[in-house]
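Structure first, commentary second.
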Amino acid sequence: MSLSFSREDPTSFVLGVEAGLLLKCALNGAEQRSPDSVSTAGNDVTWGAEAAALMARVPYADYQRSKLRIEKAVILAREYEVSLPLLFGAGVPATSLFPSPVAFTYEPHAGPVYGVAHSPFHRNLFLSVSTDSAVRLHLTLQATPLLTVTPTSGTVFCAAWSSARPSVFAVGAADGQIFIYDIHELSKGGAGAQAGGGAQLQPSEALQASTKPIFSLQFNPRTAESLASGDGEGFVKLWKLGARLSVAKERESDWLEVFFMFFLCFFVCFCCYSCDKCSCCCHCHRCDSC
């Protein structure tokens with residue numbers, strides 16, 4: 001299992017699980033209230049501390065209805081305090097007491113997901129790696145991956161974004177290799193780029209870092225050319241990258257934003273064009289903005 005929090009929203013994260021699922025989740029911190037507010041808000045009965053703490057996490061949409069139902073059940077039971085057994089016995093749906101944090105589901109991998117990493121430069125961009133050998137580039141707004149590469153036939157255990165180059169990321173594999181990719185290479189038109197997960201992006205650099213699996217990677221946030229790797233032998237190694245992979249290109253962040261907005265626009269227009277029931281005006285043959 002692996003997870004990565006959004007760089008802009010501390011309550012949003014992407015979770016990868018053993019079954020290969022990729023789930024966008026949201027903490028319910030914005031909907032939480034203090035247990036004291038549950039205990040003192042015009043109650044006909046008192047609330048025990050544990051019951052109030054649980055009730056404080058119920059979403060606003062279900063809160064008032066669930067609270068009244070529980071208090072009514074306690075009064076009918078001739079009790080004076082809401083305890084956990086009475087709360088659970090009131091018949092409030094479990095989905096109200098324990099709301100699912102899953103907000104969105106992405107196309108799953110064919111094996112356990114070992115690594116998820118959000119881009120430090122692009123708010124909606126993240127990577128996922130798995131035992132199915134696939135490295136996927138996702139937009140949080142879209143279920144299918146934008147790009148998929150398969151650097152090796154074995155498991156890919158980890159992924160990390162460059163701290164200096166918005167288009168550069170590295171992945172570590174079970175065969176001890178580190179593969180470094182530069183998405184900006186797709187702008188040259190020689191990489192066979194296609195929308196909807198079909199781009200064939202080749203690694204800009206492949207390092208035989210160990211005879212054991214590479215389990216972790218981290219770019220140095222202060223020294224752009226430094227990359228650290230951790231392997232199955234217990235060694236941590238530092239790698240010095242050349243200027244090609246460590247010096248940002250002019251307006252590279254802007255290019256990345258435009259590049260993925262193009263893919264997103266292509267995907268939406270393709271879906272609209274393929275759907276006879278859709279009355280959307282985004283059909284490519286009559287959309288001037290695409």
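The values are calculated or read from the model by the stated rules, or taken from the named source; none is laboratory data. What you are looking at is a predicted structure, and each value in this text was computed from that prediction instead of being measured. Quick reminder, even Gly has a Cβ in these numbers, built from the backbone with ideal geometry, and neighbours come from all protein chains shown. For the accessible areas, the whole protein counts, side chains as well, though only heavy atoms, and no ligand, DNA or RNA atoms are used. Shrake-Rupley method; radii C 1.70, N 1.55, O 1.52, S 1.80 Å.
For segment 37-49, name all the residues that are surrounded by fewer than 17 Cβ atoms within 10 Å (Cβ to Cβ) and closer than 25 Å to Ala26 by Cβ.
Ser37
Kindly provide the set of residues from segment 69-113 that are more than 26 Å from Lys24 (Cβ to Cβ), surrounded by 15 or more Cβ atoms within 10 Å (Cβ to Cβ) and among the aliphatic types (A, V, I, L, M), ordered by number.
Listed by number, the residues that qualify are Ile70, Ala73, Val74, Val82, Leu86, Leu87, Ala90, Val92.
In this structure, is Arg123 open to solvent by 60 Å² or more (accessible area, probe 1.4 Å) and either touching a residue at least 60 places away in the same chain (Cβ under 8 Å) or not in a helix (DSSP H, G or I) (or both)?
Considered against the rule, which asks whether it is open to solvent by 60 Å² or more (accessible area, probe 1.4 Å) and either touching a residue at least 60 places away in the same chain (Cβ under 8 Å) or not in a helix (DSSP H, G or I) (or both), Arg123 comes out as yes.
Filter segment 207-236 down to the residues that are within 26 Å of the chain's Cα centre (by Cα), of a type in the set (A, V, I, L, M, F, W, C) and within 24 Å of His184 (Cβ to Cβ) and list them by number.
Ile214, Leu217, Phe219, Ala224, Leu227, Ala228
Yes or no: Val129 in contact with a Leu (Cβ under 7 Å, 6 or more places away or on another chain) and either surrounded by fewer than 16 Cβ atoms within 10 Å (Cβ to Cβ) or at pLDDT 95 or above (or both)?
Answer is no for this residue.
Checking the structure you have, find out if any residue of segment 100-120 is in a helix (DSSP H, G or I) and farther than 26 Å from Pro203 by Cβ.
No, every residue in segment 100-120 fails to be in a helix (DSSP H, G or I) and farther than 26 Å from Pro203 by Cβ.
Being more than 13 Å from Ala170 (Cα to Cα), of a type outside the set (Asp, Glu) and open to solvent by less than 30 Å² (accessible area, probe 1.4 Å) is the filter here, so list the residues in segment 231-242 that pass it.
none
On the given criteria, is Ser210 surrounded by 14 or more Cβ atoms within 10 Å (Cβ to Cβ), hydroxyl-bearing (Ser, Thr, Tyr) and under 18 Å from Val168 (Cα atoms)?
On the way: surrounded by 14 or more Cβ atoms within 10 Å (Cβ to Cβ): yes; hydroxyl-bearing (Ser, Thr, Tyr): yes; under 18 Å from Val168 (Cα atoms): no.
No.
For segment 1-88, which strands (runs of 3 or more DSSP E) that fit wholly inside it have 1 or more residues that are among the polar types (S, T, N, Q)? Even if it seems obvious, please write down each step before you answer.
On the way: elements: 2-5, 12-16, 22-26.
So the answer is 2-5, 12-16.
How many of the residues in segment 90-99 are in contact with a Pro (Cβ under 8 Å, 6 or more places away or on another chain) and in a helix (DSSP H, G or I)? Give the steps one after another, and end with the answer.
Taking segment 90-99 as the starting set, the residues that turn out to be in contact with a Pro (Cβ under 8 Å, 6 or more places away or on another chain) are 96, 99.
Now narrow it down to the ones that are in a helix (DSSP H, G or I): 96.
The qualifying residues number 1.
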